[in-house]
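**Student:** Quick one: this structure, given as structure tokens, is what I'll be asking you about.
The values are calculated or read from the model by the stated rules, or taken from the named source; none is laboratory data. Remember, it's a predicted structure, so these values are computed and weren't measured experimentally. FYI the Cβ positions are ideal-geometry reconstructions off the backbone, even for glycines, and counts take in every protein chain you see. Quick note on the areas: whole protein, heavy atoms, side chains included, nothing else; ligands and nucleic acids left out. Shrake-Rupley method; radii C 1.70, N 1.55, O 1.52, S 1.80 Å.
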Amino acid sequence: MASEPEEKNMPELNAALADRFNTRLAQILPSPIRVVDQKFSAIDGILKLTLGEPDFAVPMHIKDAAKAAIDEDDSHYAAPHGHLALREAISDYLVERFDTPRYEPNGEVVVTVGASEALFATMNALFNAGDEIIIPTPTFPMYEAIANIIGLEVIGINTAPDFVLTPEKLQATLAEHPNVKAVLFNYPSNPTGVTYTGAQVQAIADILAEHQLLVLSDEIYAELVYDGEHVSMAKLLPEQTILVSGLSKSHAMTGYRVGYVAGPAALMTHVGKMHQFLVTTVPGPMMAAANEALRHGRADAIEMRDIYKERRDLVMAGLAEAGFTAAQPGGAFYIFAKIPANLNTDDMAFVYDLAETVKLGIAPGSIFGAGGEGYVRLSYAASTEDLQTAMVRLKHYVDLKG
């Protein structure tokens, strides 16, 4: 008779296995924005302005393009770097819209699963563990998370209180860290909404050229610039720039997960290789939708931008009435506001009390890094009605607590 199998203590076994996992990844916390948002979701009746999630529906002609691709059985592996038609559309779009160099669709453009994968593939492809990269703060937490996963040394530049990376701040940091390999530059900025004039971008580009640094330029919000025109780093410094962007913010296509990377062929060879190992390729129907958006949907982005600008002004007025101060955002759909001194300026405690008291969820500034302490980020990628309600709730909270 066979003996009974020996019982195993599963909790102890799992703990032993856990010790063998990626120790660097184990030290990195989940996305703090998502953690806060998830906690707020447990509050019945809460109105959340936490995530950068456009409330617009994808325009019908873009949805029709995805449906047509499905009906035409676009269900097989695409070329690793993406459909050629979409790579051509990306190249044409960047030239016509932002006056960049014309990127060669075969060799200088890679279609990715959103800008997030674009960043992960690019940083994994071009950097070695121990390389130093400058990331101005406050900033999107994913940048530093990716850098830490790879084992990069992150050199932060605290840009508070104006949240602008100035030539002086950049030069001072480079003097202290002469071995820096690259700068990650995001504008218009998440979380601050700050963007840069052509002259400001040129001043930074001059320094990057002098030091022969690579620049990862995340320009996902380039279509959402309210005053003036977006000037791409790729236009000013094409031989040193890896341009990252996508369709999520400009066309409310967050769930379609289509991004792209463009840059010099010698670098893009490595980026394309890493992208292929990560995801193989982007789904064909989603690429058909992105192609339609770039070829025939540029007016869609402008229409959404104009509505976002109205919403920005609504929220800025509501914040001022409630006693908050914030620099007027020049782009994106975020406002980074300073908590009034007469309230609890511990931003984490503030946002949780706000959520519990008046059922309004916003993001604490400290999760975006140095310089964010005592601030909160509000996303106005929400309906006008929800934003009006949010401002009423915020004013009520201030009246109660102030």
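**Student:** Given a 1.4 Å probe and the protein chains all in place, what does the accessible area of K309 round to, in Å² to the nearest 10?
**Tutor:** So the heavy atoms of K309 present about 70 Å² to solvent.
**Student:** Here is a follow-up. Taking a temperature of 25 °C and a viscosity of 0.890 mPa s, what whole-number D in µm²/s does Stokes-Einstein yield for segment 174-214 with Rh from Kirkwood over alpha carbon pairs?
**Tutor:** Approximately 215 µm²/s, per Stokes-Einstein.
**Student:** Solvent-accessible area per residue for the chain at a 1.4 Å probe radius, Å²?
**Tutor:** Accessible surface, normalised per residue, equals 44 Å².
**Student:** Collect residues whose amide H, placed 1.01 Å from N in the peptide plane, falls under 5 Å from the amide H of E132; neighbours closer than 5 in sequence don't count.
**Tutor:** E153, K181
**Student:** Can you tell me which of 24-35, 117-128 comes out highest on packing, and rank the rest after it, using the mean Cβ neighbours within 10 Å?
**Tutor:** Listed from highest to lowest mean packing, they are 117-128, 24-35.
**Student:** Once phi is turned into ³J(HN,Hα) by the Karplus curve 6.51 cos²θ - 1.76 cosθ + 1.60 with θ = phi - 60°, what whole-Hz value does each residue of segment 205-217 show in order, with x for glycine and proline?
**Tutor:** Coupling constants for segment 205-217: 4, 4, 5, 4, 5, 4, 8, 6, 9, 6, 10, 8, 9 Hz.
**Student:** Run the 1.4 Å probe and let me know the accessible area of R393, rounded to the nearest 10 Å².
**Tutor:** Taking all protein chains as shown, R393 has close to 60 Å².
**Student:** Compute the semi-axes of the equivalent ellipsoid of segment 110-240, taking the square root of 5 times each eigenvalue of the Cα gyration tensor, and list them largest first in whole Å.
**Tutor:** 21, 18, 15
**Student:** Also, quick follow-up: As a test, work out the antiparallel percent of DSSP beta bridges whose residues both lie in the chain, rounded to the nearest 5.
**Tutor:** Of those bridges, close to 45 percent are antiparallel.
**Student:** If each DSSP helix of 4+ residues adds -39,500 (n - 2.57) and the sum is divided by the residues in the chain, what number results at 222 nm, nearest 500 deg cm²/dmol?
**Tutor:** -14000 deg cm²/dmol
**Student:** Take the Cα radius of gyration of segment 189-312 and divide it by 2.2 N^0.38 Å, with N its residue count; two decimals is plenty.
**Tutor:** 1.15
**Student:** If I compute Rg and Dmax of the Cα atoms in Å from the structure I just sent, which labelled value in (1) 22.4, 84; (2) 22.6, 69; (3) 20.5, 62 lines up?
**Tutor:** (1)
**Student:** Right, another one. With an 8 Å Cα cut-off and a minimum separation of 6 or more residues, compute the relative contact order for segment 237-326 in percent.
**Tutor:** Computed value for segment 237-326: 24 percent relative contact order.
**Student:** Counting only protein heavy atoms and a 1.4 Å probe, tell me what percentage of the chain's accessible area is made up of carbon and sulfur.
**Tutor:** Carbon plus sulfur share of accessible area: 53 percent.
**Student:** Can I ask one more? What pairs in K48/K309; K169/K273; K67/K249; K48/K169; K39/K359; K181/K249 have C-alpha atoms more than 23 Å from each other?
**Tutor:** Beyond 23 Å: K169/K273; K48/K169; K181/K249.
**Student:** Which whole-Hz ³J(HN,Hα) couplings does segment 393-398 yield from phi under the Karplus relation 6.51 cos²θ - 1.76 cosθ + 1.60, θ = phi - 60°, glycine and proline marked x?
**Tutor:** So the Karplus estimates, Gly and Pro as x, are 5, 5, 5, 4, 4, 4 Hz.
**Student:** Along segment 171-176, what does the Karplus equation 6.51 cos²θ - 1.76 cosθ + 1.60 (θ = phi - 60°) give for ³J(HN,Hα), rounded to whole Hz, x for Gly and Pro?
**Tutor:** Each residue of segment 171-176 in turn: 4, 5, 5, 5, 5, 7 Hz.
**Student:** Which cross-chain or sequence-distant (5 or more) residues have an amide H under 5 Å from the amide H of T112, H modelled 1.01 Å from N in plane?
**Tutor:** Those qualifying (amide H under 5 Å, at least 5 residues apart or on another chain) are G259, Y260, V261.
**Student:** If you don't mind, another one. Near the amide H of G156, under 5 Å away, which other amide H atoms are found, from residues 5 or more places off or on another chain, if H is placed in the peptide plane?
**Tutor:** Under 5 Å from the amide H of G156 lie the amide H atoms of I135, each far enough along the sequence or on another chain.
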